[in-house]
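The values are calculated or read from the model by the stated rules, or taken from the named source; none is laboratory data. This structure is a prediction, so every number in the text was calculated from the model and none was measured. In this analysis, Cβ positions are derived from the backbone assuming ideal geometry, glycine residues included, and neighbour counts consider all displayed protein chains. Surface accessibility is based on the protein's heavy atoms, side chains included, excluding ligands, DNA and RNA. Shrake-Rupley method; radii C 1.70, N 1.55, O 1.52, S 1.80 Å.
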Amino acid sequence: MLKLTQNAFFTGEISPLFTADIAEQTRQFHQQIEGYLPTPLISLEQLAARLGVKAILVKDESYRFGLNAFKVLGGSYALGKQLAEHLGVEISDIDLKTVAAKLPEPLVFATATAGNHGTGVAWAAREMGQKAVVYMPKGSAQASVERIKKLGAECIVTDCNYDDTVRIANQTAADNGWMLVQDTAWEGYDKIPTWISQGYMTMAVEAQEQAETMAMKPTHIMLQAGVGAMAGGILGYFADKLGADNFSTIIAEPRAADCIYRSGAAGDMVAVGGELNSIMAGLACGEPNPVTWPILKQCSTFFASVEDNVTATGMRVLGNPLAGDTPIISGESGALTLGLLYTLASSEKFAAERQQLGLDKDAVVMVFSTEGDTNPTRYRQIVWEGMLSTHA
Ligand SMILES: Cc1ncc(COP(=O)(O)O)c(C=O)c1O
């Protein structure tokens, strides 16, 4: 059901790319976007009492700009930075509503996506009067294709997996003189992926401030990973803000695409190939992001490789809370960490892991529900019809 490994390569060294100061800049950029509101940080008090921890704080990203996922934070910041660079101005001088008038013709931004990143790029391109072309791997949810098209972008579904789809988007962008806005990096391509991960830090600044208002300080931060771009940005912020020695981090991934888990065990980047079959579409990525891998290696405490039924449990627990707790609609890639916390805390089978992680009555656990029901059909199958039940 789950495998856990302690990070033997932890140094606690922070990254100059992901600091609290940079996070403040990205937050200022997002604040000027029409409709910006911090997403809620929800304290599940009853569940915390049931699971024997002090607090469970859930950042609910289903509210982000009405797009049902956090991803737009990265895509929009990268587009803003790219336009600022193109025009030779600072990002703080970019006015999203008038920037298009400063260009002779719109720029074309291309990307590959499992769904949420492409939605964010399509939305940001539309907001800034630019164009987007979005590539998706085979088997992608039709709901995501339609959502992206509705935002005015061109959307093409390929016949290969996520990592190969990234290569197609890259090649087509190069052939056409488009700008590739990819949420992972490789040799020679790291500027835009860095901006994307920095954009995600807005979520962390908000969460930290909201926790502070509740007089809470996280002792455990649980982050799900695909390529690790999100986890790296969030962890980088908290390591700088709180000191990496002052909390534990658990990076969780689907078993079928556990490249960060394997990298964590090896102390160096390890790729996973093949079909990467998991219901966690946003996390089904087999190659770590080299921009964020160093901070994950330096500052994470644990890595977890987790089967699909654990996130299904997380979705059900969040959507059907104990009396007094707030319901949270969390999708397959959003609920993994809460599912993992629940699984670790509610079964005697995991008593040793619980102790190793320090999940006890003093633990303040922060998790990020990074998406809502972005695949509504699958959401109902899991939450209503009991698909992937642990007891089946
Ligand atoms: C909902 C959701 N959560 C988490 C992630 C993980 O992000 P990353 O690939 O940066 O690790 C993704 C990526 O698409 C996602 O869509």
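Okay, here's what the table says:
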{"read-out": "Answer residue from the range 235-255, given it is farther than 19 Å from PHE9 by Cβ and open to solvent by less than 10 Å² (accessible area, probe 1.4 Å) and is farthest from the ligand (Cβ to nearest atom) among those", "value": "TYR237"}
{"read-out": "Members of the range 57-93 found to be open to solvent by 10 Å² or more (accessible area, probe 1.4 Å), without any contact (Cβ under 8 Å) to a residue 60 or more places away in the chain and more than 16 Å from the ligand (Cβ to nearest atom), listed by number", "value": "GLU85, HIS86, LEU87, GLY88, VAL89, GLU90, ASP93"}
{"read-out": "Residues located in the range 114-126, provided they are modelled with pLDDT under 95 and either of a type in the set (S, T, N, Q) or open to solvent by 10 Å² or more (accessible area, probe 1.4 Å) (or both)", "value": "ALA114, ASN116"}
{"read-out": "PRO218 being in a loop (DSSP other than H, G, I, E, B), away from the ligand (no atom under 14 Å from the Cβ) and either in contact with an Asp or Glu (Cβ under 6 Å, 6 or more places away or on another chain) or touching a residue at least 24 places away in the same chain (Cβ under 8 Å) (or both)", "value": "yes"}
{"read-out": "Candidate set: the range 327-358, residues that are buried (at least 22 other Cβ atoms within 10 Å of the Cβ) and part of a loop (DSSP other than H, G, I, E, B); chosen: the one farthest from the ligand (Cβ to nearest atom)", "value": "ILE328"}
{"read-out": "Options LYS138, LYS97; residue that is in a loop (DSSP other than H, G, I, E, B), under 29 Å from LEU276 (Cα atoms), open to solvent by 30 Å² or more (accessible area, probe 1.4 Å) and away from the ligand (no atom under 16 Å from the Cβ)", "value": "LYS138"}
{"read-out": "Residue selected from the range 257-279 under the condition of a type in the set (A, V, I, L, M) and in contact with a helix residue (DSSP H, G or I) (Cβ under 8 Å, 6 or more places away or on another chain), by the criterion surrounded by the most Cβ atoms within 10 Å (Cβ to Cβ)", "value": "ILE260"}
{"read-out": "Condition broken by LYS361, with the remaining ones in (1) in contact (Cβ under 8 Å) with a residue 12 or more places away in the chain; (2) away from the ligand (no atom under 16 Å from the Cβ); (3) within 25 Å of the chain's Cα centre (by Cα); (4) not in a helix (DSSP H, G or I) satisfied", "value": "(3)"}
{"read-out": "Exclusive hit being of a type in the set (A, V, I, L, M) and out of contact with any Asp or Glu (no Cβ under 7 Å at 6 or more places or on another chain), set VAL133, VAL121", "value": "VAL121"}
{"read-out": "The range 364-382, subset away from the ligand (no atom under 16 Å from the Cβ) and either open to solvent by less than 40 Å² (accessible area, probe 1.4 Å) or in contact (Cβ under 8 Å) with a residue 40 or more places away in the chain (or both), residue nearest to VAL58 (Cα to Cα)", "value": "VAL365"}
